[in-house]
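The values are calculated or read from the model by the stated rules, or taken from the named source; none is laboratory data. From a predicted model like this one, the values you see are computed outputs, not experimental measurements. Note that each Cβ is placed from the backbone with ideal geometry, even for glycine, and that neighbours are counted across all protein chains shown. We work out accessible area using only protein heavy atoms, side chains counted, and drop any ligands, DNA or RNA first. Shrake-Rupley method; radii C 1.70, N 1.55, O 1.52, S 1.80 Å.
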Amino acid sequence: MPDARFYADQTSAFKDALPKQPGPWLALSTGGADGAFGAGFVTGLSAGGHRPDYTVVTGVSAGALMAPFIFAGPKYDPLLQALYTKTSAPDIFEVGATGESFLDTWPLRDLIKKEITPELLADIAAAYTGGRRLFIITTDLDAERSVVWNMGAIAVHAADHGRGHGGAALDLFRSVLLASGSIPGAFPPVQIDVEGNGKHFTEMHVDGGVGGQFFVAPAPLMESTSGYKIPASALYVVINSGLKPDFQVVERSTPAILAQSVGMAVKVDLRLMLDRAYIAAKNSGIPFNVATIPPDFNAPSRGAFDPDYMKALFRTGYELGKSAAPFASAPPPYPGQSTIPSKADDRAQSNDPGANK
């Protein structure tokens, strides 16, 4: 499957993989159980009647796991809701070290196998043939490079080749999703068999978030001095993670210290990436839109993948997505700074005769 992927820093390969026509792009971020926000938000967009057929959808980690259903269209909203309101920790992992991780993710592998069906891939293949693109990001630890998987192209292979090569394509599709959410140390890496220049090799792939919390375009093209124009009509980013610091006394144990440290690093990285995406959109002359978990959301969580917590977060995302102004037009401010501008604020300002004075 030579068209199945490219490295995330290969600018020419990225440009070649893009749709021929511009349209709205959607980037879905990392977030773990907080992916319930993004799932609820996009479902709310459907209910509010303002969800386009995104020309490009990208997903990293938690964003990767929801991206296929979002890309395939609103008819998968009920399944998306069920996955993010009824799933619990035993559906994701089993406690017990594997030699490569603290936890074993065979339950998540089985869940992906159950929900990523040939019928879903047929819908994704049809969208790809129609000119839309679904990109999922993993991290190739051997190469120390992020990999962009062209999931629509893989789906076409699955649809065109039946149980032979098509079965391999379906297996690859599922493996990529599992790999994109495989947090190093916590979850075991995913081994992917590849062939190049007549040689066979097994690559070790882990969470796409290692190389960035969401993906819009290769880093060289996102630099403020690159001059690259994102070929989209608008850029939308959904952040499946809280951004404000939350004080809590950290237990003096290796897992707790790692979890708190990674969580803090993710928030810092998200803010830096949002700023870069905002500048790239402005330099490209396209609208920037971002949705984040409201800072006043404070539902308690009883642990990893708590269904009650995820239901509350899904409802929060749903109500925001269904609202008249679901997106903000700039990255959220740091705590204590000015309020987030929204599309409603933009419209009000444009109607204010003194707004530009």
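Within the group E94, E119, which residue is out of contact with any Leu (no Cβ under 8 Å at 6 or more places or on another chain), of a type in the set (D, E) and open to solvent by 30 Å² or more (accessible area, probe 1.4 Å)? Even if it seems obvious, please write down each step before you answer.
On the way: E94 fails: out of contact with any Leu (no Cβ under 8 Å at 6 or more places or on another chain).
Exactly one residue qualifies, and that residue is E119.
What's the total number of residues in the stretch 173-193 that are more than 17 Å from I136 (Cα to Cα) and aliphatic (A, V, I, L, M)? Let's see the steps before the verdict.
Taking the stretch 173-193 first, the residues more than 17 Å from I136 (Cα to Cα) are 184-188, 193.
Then keep just the ones that are aliphatic (A, V, I, L, M); that gives 186.
Matching residues across the stretch 173-193 total 1.
Within the stretch 130-138, is there a residue that is buried (at least 18 other Cβ atoms within 10 Å of the Cβ), among the basic types (K, R), at pLDDT 95 or above and part of a loop (DSSP other than H, G, I, E, B)?
Within the stretch 130-138, the subset buried (at least 18 other Cβ atoms within 10 Å of the Cβ) is 132-138.
Now narrow it down to the ones that are among the basic types (K, R): 132-133.
When the remaining residues are screened for being at pLDDT 95 or above, the result is 132-133.
Retained after the next criterion (residues that are part of a loop (DSSP other than H, G, I, E, B)): 132.
Checked the stretch 130-138: at least one residue is buried (at least 18 other Cβ atoms within 10 Å of the Cβ), among the basic types (K, R), at pLDDT 95 or above and part of a loop (DSSP other than H, G, I, E, B).
Which residues, taken from the stretch 202-230, are open to solvent by 60 Å² or more (accessible area, probe 1.4 Å), out of contact with any Asp or Glu (no Cβ under 7 Å at 6 or more places or on another chain) and of a type in the set (V, I, T)?
V210, T225
Can you find even one residue in the stretch 262-275 that is at pLDDT 85 or above and farther than 24 Å from F37 by Cα?
No: zero hits.
Could you count how many residues in the stretch 227-251 are at pLDDT 90 or above and not β-branched (V, I, T)?
The initial filter retains those residues of the stretch 227-251 that are at pLDDT 90 or above, namely 227-240.
Of the ones still in play, those that are also not β-branched (V, I, T) are 227-229, 231-236, 240.
Number satisfying all stated conditions: 10.
Residue by residue, here is whether (1) exposed (fewer than 15 other Cβ atoms within 10 Å of the Cβ); (2) touching a residue at least 60 places away in the same chain (Cβ under 8 Å); (3) within 17 Å of G242 (Cβ to Cβ); (4) among the acidic types (D, E) holds:
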residue: K267; (1), (2), (3), (4): no, no, yes, no
residue: L274; (1), (2), (3), (4): no, no, yes, no
residue: A277; (1), (2), (3), (4): no, yes, no, no
residue: A280; (1), (2), (3), (4): no, yes, no, no
residue: N289; (1), (2), (3), (4): no, no, no, no
residue: D296; (1), (2), (3), (4): yes, no, yes, yes
residue: S301; (1), (2), (3), (4): yes, yes, yes, no
residue: D306; (1), (2), (3), (4): no, yes, yes, yes
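Determine whether the stretch 102-116 contains at least one residue that is within 18 Å of A259 (Cβ to Cβ) and modelled with pLDDT under 90.
Yes, there is a match, as at least one residue in the stretch 102-116 is within 18 Å of A259 (Cβ to Cβ) and modelled with pLDDT under 90.
What are the pairs with Cβ atoms under 6 angstrom where one residue, in the stretch 71-86, is farther than 14 Å from F41 by Cα and the other, located anywhere, is open to solvent by 20 Å² or more (accessible area, probe 1.4 Å) and part of a helix (DSSP H, G or I)? Sequence gap at least six, or different chains.
What qualifies is A72/D123.
Considering M310, M273, which residue is within 23 Å of E144 (Cβ to Cβ) and part of a helix (DSSP H, G or I)? Give the derivation first.
Working: M310 fails: within 23 Å of E144 (Cβ to Cβ).
Testing whether each residue is within 23 Å of E144 (Cβ to Cβ) and part of a helix (DSSP H, G or I) leaves just M273.
Go through the stretch 227-266 and give me each residue that's assigned to a loop (DSSP other than H, G, I, E, B), hydrophobic (A, V, I, L, M, F, W, C) and over 21 Å from the mean Cα position of the chain (by Cα). Walk me through how you get there before you give the answer.
Step one: of the stretch 227-266, the residues assigned to a loop (DSSP other than H, G, I, E, B) are 227-233, 239-253.
Of the ones still in play, those that are also hydrophobic (A, V, I, L, M, F, W, C) are 230, 232, 239, 243, 247, 249-250.
If the condition is that a residue be assigned to a loop (DSSP other than H, G, I, E, B), hydrophobic (A, V, I, L, M, F, W, C) and over 21 Å from the mean Cα position of the chain (by Cα), then F247, V249, V250 are the ones that fit.
Looking at the stretch 53-75 only, could you name the residues that are open to solvent by 30 Å² or more (accessible area, probe 1.4 Å) and modelled with pLDDT of 95 or more? First the steps, then the outcome.
Filtering the stretch 53-75 for residues open to solvent by 30 Å² or more (accessible area, probe 1.4 Å) gives 53, 65, 74-75.
Hits for the stretch 53-75 are L65, P74, K75.
So which helices (runs of 4 or more DSSP H) stay within the stretch 7-109 end to end and still have 1 or more residues that are over 28 Å from S233 (Cβ atoms)?
Where helices (runs of 4 or more DSSP H) fall fully within the stretch 7-109 and carry at least 1 residues being over 28 Å from S233 (Cβ atoms), they are 35-48, 77-86.
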